[in-house]
Amino acid sequence: MRCKEVVCGEVDVMNCLSPSILAADFMKLGEQIALTEQSGAQYLHFDVMDGCFVPNISFGMPVLASVRKGTGMMLDVHLMVKEPARFIPDVADCGADIITVHAEACTDLNATVDLIKERELLAGVALNPATPISQLSYILPKIDMVLIMTVSPGMGGQKLIPYTLDKVRDLKALIAQKGLKTDIEVDGGINFKTLDKVLEAGANIIVAGSAIFSGDIEENTKRMLEMMK
Ligand code: DX5
Ligand code: ZN
């Protein structure tokens, strides 16, 4: 499944939830992922950090390959690494469905996106809060998703930066102006208070870490999905 459905012969964009396992309890990872899947989450967000592009290290290929064996959800891999082109073949082999790279991390963004498309995977490009969307105006028709970082990348549990909502609105307008159906994903500080704001601004793929994995995972997932209808 992906966030585009054929409706009356036209491709329409739908809302999807992508729980971020960065906030999961890794001793119970399989169990906690299953709870989000059973509760209806369509995507699973997988944050790869290299301690260089962002000041933190998370997890990588062996974890991705194991998670792939245990879930049918769309594996939404967010590469917060310098020169992500180096890792795309391995990430693809481990079973990613969507690979998102940061525009700021690529010497040649076009060639990096080509590597993802060559593997027939969905290609996303992420922008840090202060990076303008104009950087993507020419490459937009070639990609499937734009990830607007609503916090600085590198850790969970931060507060959404309000001006990033304006970026989502501007991106939505740019996509419409070009007649495209590109997905808009938002990542960072999305919780039960901020969800309405990002949806209203035009995001349709919602990443949530702490809001899903703190407390009752099933209840949180169902409640978020209900708010996204
Ligand atoms: C931050 C990561 C996020 C993170 C979001 O760099 O890209 O995916 O897990 O966490 P919350 O939802 O807790 O802000
Ligand atoms: Zn992320």
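The values are calculated or read from the model by the stated rules, or taken from the named source; none is laboratory data. Computed from a prediction, not measured in an experiment: that's the story for all the values here. Backbone-built Cβ (ideal geometry, glycine too); neighbour counts: all protein chains shown. Accessible surface areas use protein heavy atoms only, side chains included; no ligands, DNA or RNA. Shrake-Rupley method; radii C 1.70, N 1.55, O 1.52, S 1.80 Å.
Details
- Separation of the Glu226 and Asn15 label points, Cα + 7 Å toward Cβ, nm: 1.3 nm
- Ordering of 189-196, 93-100 by packing [mean C-beta count within 10 Å, highest first]: 93-100, 189-196
- Whether the stretch 1-137 is rounded, prolate or oblate, judged on the alpha carbon gyration tensor where a/c under 1.5 counts as rounded: oblate
- The accessible surface of the stretch 21-147, taken with every protein chain in place and a 1.4 Å probe, is 55 percent carbon and sulfur.
- Cα centroid of the stretch 154-229 to Cα centroid of the stretch 50-100, whole Å: 21 Å
- Radius 12 Å from Cβ of Pro132, net charge of other residues (Lys, Arg +1; Asp, Glu -1): -2
- Net charge, Arg68 excluded, C-beta distance under 11 Å - Lys, Arg +1, Asp, Glu -1: -1
- Proximal charge balance of Ile33 [Cβ under 13 Å; K/R count +1, D/E count -1]: -2
- Of Gly202, Gly154, Gly70, the one that fluctuates the most in a GNM where the chain has Cα springs shorter than 10 Å: Gly70
- Assigned charges on the beta-carbon of Lys, Arg, Asp, Glu; the chain dipole about Cα centre (debye): 320 debye
- Helix-only CD estimate at 222 nm, as mean residue ellipticity for the chain, using -39500 (n - 2.57) per DSSP H run (n ≥ 4): -9000 deg cm²/dmol
- Global form of the chain, assessed from the alpha-carbon gyration tensor, a/c cut-off 1.5: rounded
- Listed cross-link partners Lys28/Lys82; Lys82/Lys222; Lys28/Lys142; Lys117/Lys159; Lys82/Lys117 are compared with a 28 Å cut-off, the Cα-Cα value being larger for Lys28/Lys82; Lys82/Lys222; Lys28/Lys142; Lys117/Lys159.
- Calculated accessible area for the chain comes out at 45 Å² per residue, all protein chains present (probe 1.4 Å; ligands, DNA, RNA ignored).
- Paramagnetic label zone (point 7 Å from Cα along Cα-to-C-beta, Leu180; backbone N under 19 Å) in the stretch 62-97: 77-79
- A dipole drawn for the stretch 4-128 from +1 and -1 charges on Cβ atoms has a positive end, and of Ser18, Ser58, Ile116 the residue lying farthest that way is Ser58.
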